[in-house]
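Visitor: Let me begin by handing over the structure; questions about it come next.
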Amino acid sequence: MSRGMLSRLAELLYWTGRYVERADDTSRIVDAYIHRIAEDPFGDLNAACHSLFAILGMEVDASIPINQETVLTQLVYDQLNPSAITGAVLAAHENARRAREVISSEMWVCLNSTRNDLGLQRREAERVGPASYLKFVRDRSALFAGLTDATISHDETWWFLVLGRSLERIDMTARLLESRLLAAEHSPDWLTLLRAAGAMESYLRQSTGGSDPEAIAAFLILDRSFPRSAYHSLTVADRCLEDLTRAGARSDVVNQARRTIRMAQTRLEYSDPRSLLSELPELLELLEQTSAAANDQITSYYFRQIAAVVWEAEGAT
Amino acid sequence: MMITSTFIDIDPSQAWDEVFSAPGVPRPIYKEIVDILQNFNADDLRFRFDQLGRTFSERGVTFALGGEERPFPLDLIPRIITAIEWGGLSAGIQQRVHALEAFLNDVYGHGQCLDDGIVPRALITSSPNFCREAKGIVPENAARITVSGIDIIRDETGNFRVLEDNVRIPSGVSYVIENRRAMTQSFGSLFSHYRVHPVDEYPARLLRALRRSAPEGVRNPTVVVLTPGVHNPAYFEHVLLARLMGVELVEGSDLVVMSNNVHMRTTQGERPVHVIYRRIDDKWLDPLQFRPDSIVGVAGLVNAARAKTVTIANALGNGVADDKLLYTYVPELIRYFLGEEPLLDNVESYRLGDAESLHEVLENLEKYVVKPVDGSGGKGIVIGPQADERTLTELRAILRGNPRGFIAQRTVALSTVPTFVDNHLAPRHVDLRPFAINDGEEVWVLPGGLTRVALPKGALVVNSSQGGGSKDTWVLADETLAPTPPGAKAWTRAAAHSVAPSVNGSVRQPGPAAGSRGDQ
């Protein structure tokens with residue numbers, strides 16, 4: 001039985017996992033949009049950029065025009081906003097720095113040198129285009145994920161990192177699909193969405209659906225084996241919570257997060273792929289709520305237990 | 001000559017140079033290193049130097065200066081201490097720690113040395129770091145100074161002297177460990193001619209000492225390192241020590257005191273804690289006892305220590321023993337408590353409470369170094385010969401108003417070691433902070449230590465918080481000692497290779513692929 005890790009560290013690890021994943025996913029989404037905009041010079045650039053901001057949950061007044069420059073400064077290079085790519089990398093770095101004693105040195109060096117190289121990469125990107133910066137972030141995220149899997153024991157440390165990664169992935173996949181619902185005419189076509197989720201090649205290999213929206217949505221939400229599908233991410237999150245529960249001694253409190261995750265998983269499990277498009281708004285809503293609720297429940301269950309303080313008389317033993 | 005092109009400005013007449021006994025004449029112990037360095041030009045040196053810097057910034061070996069994270073610059077040229085020199089130094093340090101332990105035990109106990117007039121009672125009661133709350137809190141192994149850093153300098157005649165004692169929360173040992181790691185990786189060839197004591201034993205020694213200090217009856221104590229958090233300049237060190245000891249690094253908010261027992265909050269509920277290696281100053285440690293506005297401390301910790309459910313290391317109130325005014329009494333304390341003559345001299349110092357000394361110092365302030373008695377990190381030190389007239393005038397007024405708050409010392413030209421600055425090697429002043437661990441039975445001195453370098457030309461303040469750098473510090477093994485017992489890791493790998501053939505006395509056999517070349 002595990003003795004449990006410090007709640008503070010668990011929270012730092014969880015957020016390190018989330019922020020690295022966020023940097024990765026955001027760079028995929030931005031990359032897909034930038035490609036889309038470049039390929040379609042007659043499209044409504046402003047509307048497309050607005051939909052991108054909406055996916056990433058950033059409030060922008062609809063009357064303010066946004067262009068690619070705004071996207072780059074606010075979604076890519078902004079250091080203070082943890083929803084921007086650079087901000088997410090810095091946030092991951094800061095969390096990992098404070099949890100440095102429990103992750104492997106290689107994981108730490110990976111994030112630290114990534115942070116150190118951001119300025120250089122940005123200057124490079126200003127010369128050759130933003131794609132190089134986005135690729136850099138994706139490569140480093142992949143390296144971090146690989147080191148996470150290969151250089152630390154798959155115990156609590158790993159479970160919290162992967163739990164964070166999974167919940168962020170569920171959230172981002174839901175947001176990505178939502179862009180089709182919000183502003184279909186300005187958002188990338190379905191194949192670009194697949195590319196933004198890093199799912200293009202896996203989808204083509206296993207699917208016979210071509211560019212059928214139903215098949216693509218089903219792949220991104222329901223596929224059992226693709227690691228970025230919502231279903232798969234829920235499964236991974238559930239497994240982490242199961243391992244954490246089994247390792248723990250706390251049978252006194254019901255783990256609400258696990259209940260939330262399993263209910264969403266069950267809902268997806270019994271969805272009919274053929275009627276998926278009509279159910280899509282409801283399912284995406286469910287996924288976002290699941291991600292948010294699970295986040296709160298994990299926080300109160302593992303990170304913020306309130307201990308009752310008992311005062312003793314001075315000098316008492 | 002190559003020597004003059006690589007090493008410039010070396011003038012051993014001003015200060016003791018560790019490497020050269022006269023311009024161009026290396027001391028025997030440094031001969032191999034100087035020979036190797038002759039083969040490097042400025043570009044090669046710059047390359048190596050940058051490589052060391054990169055290793056450090058990648059690994060995040062930093063300290064925070066004015067809120068900014070900086071690497072702690074590691075110089076290329078090691079500082080070497082011979083086995084004989086080290087024998088004298090470590091014995092002197094052990095003696096000093098024993099005397100200070102005895103003093104603390106006395107001061108927080110019966111106060112015999114005060115009754116006997118060895119140390120004036122007023123010195124204790126007026127010390128800002130004397131801590132009444134510490135009375136009666138004694139660790140199980142009676143070691144209050146689990147970790148100490150006694151700062152050593154070498155004067156103009158080559159004599160080692162104690163500059164100050166640090167028995168509260170001395171820092172810097174992480175750089176000793178990281179410096180060695182970086183040097184063996186980037187500059188391994190330097191080691192090939194020397195048998196250097198390894199420094200990686202420290203964490204295991206520290207953990208053992210901490211476990212021994214655990215409250216009575218705890219068979220498998222839980223040890224933690226308590227840090228004020230990520231913004232502390234030494235945070236890197238806190239992380240490294242926790243990691244190398246395999247214990248939790250906790251912040252104040254991770255700990256909670258319940259019924260006089262200390263627990264840490266974990267994902268599986270509260271877990272008891274028995275020994276706290278704290279890296280937080282006394283005054284921030286417990287908001288119930290000391291500063292109520294402390295957010296890095298743990299409420300109720302001192303009471304728990306008094307109830308003997310937890311050990312705080314280093315102990316509360318140790319600051320009274322590294323008060324700089326008390327420093328001037330340490331030789332007396334060694335004679336009084338141990339009945340021995342001090343093995344290491346102090347730097348000549350003046351107590352300003354004494355009217356005659358005060359007069360002398362005020363008259364000739366430009367000759368002295370003046371230090372606040374409770375300072376650390378080089379804060380508030382005025383070096384007379386390097387200060388301007390305005391500073392000295394202000395200082396005179398301050399000293400007249402508060403003579404208890406300062407001591408004066410003769411300005412010692414610290415010894416120098418060639419250091420890579422501005423693309424060449426030039427002499428820079430160094431000191432030495434060896435680290436000692438007291439586990440209650442034995443005071444062990446880590447063979448090595450932190451050699452700090454004052455990087456500006458002529459500067460005498462070496463503290464990292466004053467923009468200093470450091471050097472890897474090699475304590476050489478005693479060649480006359482018997483070979484190491486099997487399994488013991490006494491020498492670095494590079495050194496072991498270089499001695500192997502002569503030990504075996506046999507010609508190496510060619511490997512499968514070496515036949516055609518002829519293994520000559």
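Visitor: Can you grab the distance from the C-alpha centre of the stretch A:281-302 to the C-alpha centre of the stretch B:142-173, Å, no decimals?
Guide: 55 Å
Visitor: While we're on this one: With a ≥ b ≥ c taken as the square roots of the eigenvalues of the C-alpha gyration tensor of the stretch A:7-303, please select rounded if a/c is under 1.5 and otherwise prolate if a/b is larger than b/c or oblate if it is not?
Guide: oblate
Visitor: What ranking do B:Arg452, A:Arg123 get, fewest neighbouring Cβ atoms within 10 angstrom at the top?
Guide: A:Arg123, B:Arg452
Visitor: Related question: If you find the alpha carbon centre of the stretch A:208-249 and of the stretch B:433-461, how far apart are they in angstrom?
Guide: 55 Å
Visitor: Name the aspartates and glutamates eligible as straight-distance cross-link partners of B:Lys457: C-alpha to C-alpha under 14 Å, and not fewer than 8 places from it in the same chain.
Guide: In chain and number order, the partners are B:Asp9, B:Asp11, B:Asp422.
Visitor: On to the next question. Take the stretch B:348-411, compute every pairwise Cα distance, and split them into 10 Å bins from 0; I just need the percent in each bin.
Guide: So the P(r) values, bin by bin, are 24, 64, 12.
Visitor: Residues with beta-carbon under 11 Å from that of B:Gly378, excluding B:Gly378: net charge, scoring Lys, Arg +1 and Asp, Glu -1?
Guide: 0
Visitor: Okay, next question. Run lengths n ≥ 4 of DSSP H only: what is the helix-derived mean residue ellipticity at 222 nm for chain A, with -39500 (n - 2.57) per run over all residues, to the nearest 500?
Guide: Result for chain A: -22000 deg cm²/dmol, rounded to the nearest 500.
Visitor: Find the relative contact order for the stretch B:348-411 and round it to a whole percent, using C-alpha pairs within less than 8 Å whose residues are 6+ positions apart.
Guide: For the stretch B:348-411, the relative contact order is 49 percent.
Visitor: Can you tell me the orientation of helix A:156-182 relative to chain A, as the angle in degrees between its alpha-carbon axis and the longest Cα principal axis, to the nearest 10?
Guide: Result, in degrees: 30.
Visitor: Still on this structure: Send over the semi-axes of the stretch A:60-178's equivalent ellipsoid, whole angstrom and largest first, taken as the square roots of 5 times the C-alpha gyration tensor eigenvalues.
Guide: Over the Cα atoms of the stretch A:60-178, the ellipsoid semi-axes are 28, 18, 12 Å.
Visitor: What helices in chain B pass both tests, a Cα length along the helix axis of 27 Å or more and a mean Kyte hydropathy of 0.0 or higher, using whole DSSP H runs?
Guide: Taking the DSSP H segments of chain B (at least 27 Å long, mean hydropathy at least 0.0), we get B:83-107.
Visitor: With 10 angstrom as the radius, rank B:Ile381, B:Ile93 by how many other C-beta atoms surround their C-beta, starting from the fewest.
Guide: By the 10 Å Cβ count, ascending: B:Ile381, B:Ile93.
Visitor: Right, something else. Could you tell me which residue out of B:Gly401, B:Pro128, B:Ser259 lies farthest along the dipole of chain B toward its positive end? Charges go on the beta carbon: Lys and Arg +1, Asp and Glu -1, centred on the Cα centre.
Guide: B:Ser259
Visitor: What is the ratio of the Cα radius of gyration of the protein assembly as shown to 2.2 N^0.38 Å, where N is its residue count, to two decimals?
Guide: With N residues counted in the protein assembly as shown, Rg over 2.2 N^0.38 Å equals 1.11.
Visitor: Then there's this: Please tell me which of these pairs span more than 19 angstrom C-alpha to C-alpha: B:Lys324/B:Lys371; B:Lys283/B:Lys371; B:Lys367/B:Lys471; B:Lys135/B:Lys308?
Guide: Table pairs above 19 Å Cα-Cα are B:Lys283/B:Lys371; B:Lys367/B:Lys471.
Visitor: Hey, fewest Cβ within 10 Å first, where do A:Ile55, B:Ile169 land in order?
Guide: Fewest-to-most ranking of A:Ile55, B:Ile169: B:Ile169, A:Ile55.
Visitor: What whole-number value in cubic angstrom gives the convex hull volume per residue for the C-alpha atoms of chain B?
Guide: Convex hull of Cα atoms, per residue: 188 Å³.
Visitor: OK, next. I'd like the Karplus ³J(HN,Hα) series for the stretch B:20-29: coefficients 6.51, -1.76, 1.60, θ = phi - 60°, whole numbers in Hz, and an x wherever there's a Gly or Pro.
Guide: Along the stretch B:20-29, the couplings run 10, 8, 8, x, x, 10, x, 5, x, 5 Hz.
Visitor: So if I take the alpha carbon set of the stretch B:202-361, get Rg, then get Rh from the Kirkwood formula, what is the Rg over Rh ratio?
Guide: 1.07
Visitor: What's the local net charge at B:Arg27, with K and R +1, D and E -1, over the other residues with C-beta under 11 Å away?
Guide: -1
Visitor: Next question. In whole percent, what relative contact order does chain B give with Cα contacts below 8 Å and a gap of six or more residues?
Guide: Computed over chain B, the figure is 23 percent.
Visitor: When Cβ neighbours within 10 Å are restricted to other protein chains, what is their mean count per residue of peptide B:266-279?
Guide: That works out to 5 on average.
Visitor: Here is a follow-up. What does the charge count around A:Leu177 come to, taking other residues whose C-beta lies under 14 Å from its C-beta (Lys +1, Arg +1, Asp -1, Glu -1)?
Guide: Cβ neighbours under 14 Å give a net charge of -4.
Every number in this text was worked out from the coordinates using simple rules, so none of it is lab data. These numbers were taken from a predicted model, which means no experiment stands behind them. Here the Cβ is made from the backbone with ideal geometry for all residues, glycine too, and neighbour counts use every protein chain on show.
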